[in-house]
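Beneath this line is the structure, given in structure tokens, with notes to follow.
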Amino acid sequence: MKRIPLIMSLGLAGMLAHGAATAAPVAVATWNFNNTLAADEAGAPALSAIDPLGASGFVTDTVFGVTRQVYRFDGNQTPSEQAGLSVGTVGLLDGDNAYSVDIVFQFEANQSTWENIFGVSNRQSDNGFYVEPGNKLQVWPTGGGPTTFTFGDYHRVTLTNRGNGTVTAYMDGIFQFDLSTASMDFSAYAGVNPSRLIHFFADNVAGGGQGEFADGRVALIRLYDIELTRSDVVDIGTGTPPGNGGGTVPEPATLALASLGLLGAFGARRRGRA
């Protein structure tokens, strides 16, 4: 039998110790797309489809090695023909700006110079979370990340909002950036978004920068009513592949180990959750 290298043993031991010492945070809503847009949690709202062409729907795909149902959003770059999802968060999230969104999805092809991941402006502002023209994550209009987003592949993307004008992003469990910005604050759009909607994948229909859209597929969305810490992001990404049967869609094991290593490297730049 092959021996496990010492460095891997230490890494696995560290992961087990880390998992034993902390409990993963609990989502207020989880959408697994098992032929439904309903949430797993009782009382949590279903997602609403943005599907003006009537071309979106559930398909079978392989996500991180697991065959399962996903939701394919299919539209055009014309703003009124873009596809995606939305959910109102009044009563689901507290009335402040602290929240986190964890998504497993892919954009099928690079159809635009920018591709919208999600925003909180009720599609009334170009401000939002994107894949930018260099294929990195960015919260417009500032900053970006180091890791390349590859099209046609599933990625796990996590954005946390501290609630004080600071956001942090991760891709496949790996830290991307801290930014000072109000672009992802619900309070910044109170007049045009009283339902505190989160809109996924469909870009803005008012103001500049319209048409930033790509077709894609989404396997999981989780919403948290807190700012996730780096260790939280690792914890919630190391579950058992669900196959739409519960649990979580994990990031690849190699990325989970890498992100554990990065916790120390970037830990000084983030505060912990109380």
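The values are calculated or read from the model by the stated rules, or taken from the named source; none is laboratory data. In this text the structure is predicted, and so the values were computed from the model without any measurement. Note: ideal-geometry Cβ built from the backbone for every residue, glycine included; neighbour counts use all protein chains shown.
When V139, V131, V101 are checked against the criterion of being more than 21 Å from R217 (Cβ to Cβ), buried (at least 16 other Cβ atoms within 10 Å of the Cβ) and under 14 Å from the mean Cα position of the chain (by Cα), V139 stands alone in meeting it. Here G11 fits the description: assigned to a helix (DSSP H, G or I), modelled with pLDDT under 95, farther than 18 Å from D102 by Cβ and in contact with a helix residue (DSSP H, G or I) (Cβ under 9 Å, 6 or more places away or on another chain). Of the residues making up region 140-148, at least one is out of contact with any helix residue (DSSP H, G or I) (no Cβ under 9 Å at 6 or more places or on another chain), more than 21 Å from Y99 (Cβ to Cβ), touching a residue at least 12 places away in the same chain (Cβ under 8 Å) and of a type outside the set (S, T, N, Q).
Just one of the listed residues (S48, S56, S86) is of a type outside the set (A, V, I, L, M) and over 26 Å from V167 (Cβ atoms), namely S56. Go through (1) farther than 27 Å from G65 by Cα; (2) hydroxyl-bearing (S, T, Y); (3) in contact (Cβ under 8 Å) with a residue 24 or more places away in the chain and name the single condition Y170 misses. Only one criterion in (1) farther than 27 Å from G65 by Cα; (2) hydroxyl-bearing (S, T, Y); (3) in contact (Cβ under 8 Å) with a residue 24 or more places away in the chain is unmet by Y170, namely (1).
Of all residues in region 163-179, those satisfying the criterion of being under 15 Å from the mean Cα position of the chain (by Cα) and not polar (S, T, N, Q) are V167, A169, Y170, M171, D172, G173, I174, F175, F177.
Checking L93 against (1) crowded, with 20+ Cβ neighbours inside 10 Å; (2) out of contact with any Asp or Glu (no Cβ under 7 Å at 6 or more places or on another chain), which test does it fail? Among (1) crowded, with 20+ Cβ neighbours inside 10 Å; (2) out of contact with any Asp or Glu (no Cβ under 7 Å at 6 or more places or on another chain), the lone unmet condition for L93 is (2). For region 101-133, which positions are of a type in the set (S, T, N, Q) and either touching a Pro at 6+ places or on another chain (Cβ under 6 Å) or modelled with pLDDT of 95 or more (or both)? Residues satisfying the conditions are Q106, T113, N116, S121, N122, Q124, S125, N127. If you check V157, V205 for being touching a residue at least 40 places away in the same chain (Cβ under 8 Å) and either small (G, A, S) or out of contact with any helix residue (DSSP H, G or I) (no Cβ under 8 Å at 6 or more places or on another chain) (or both), only one passes: V157.
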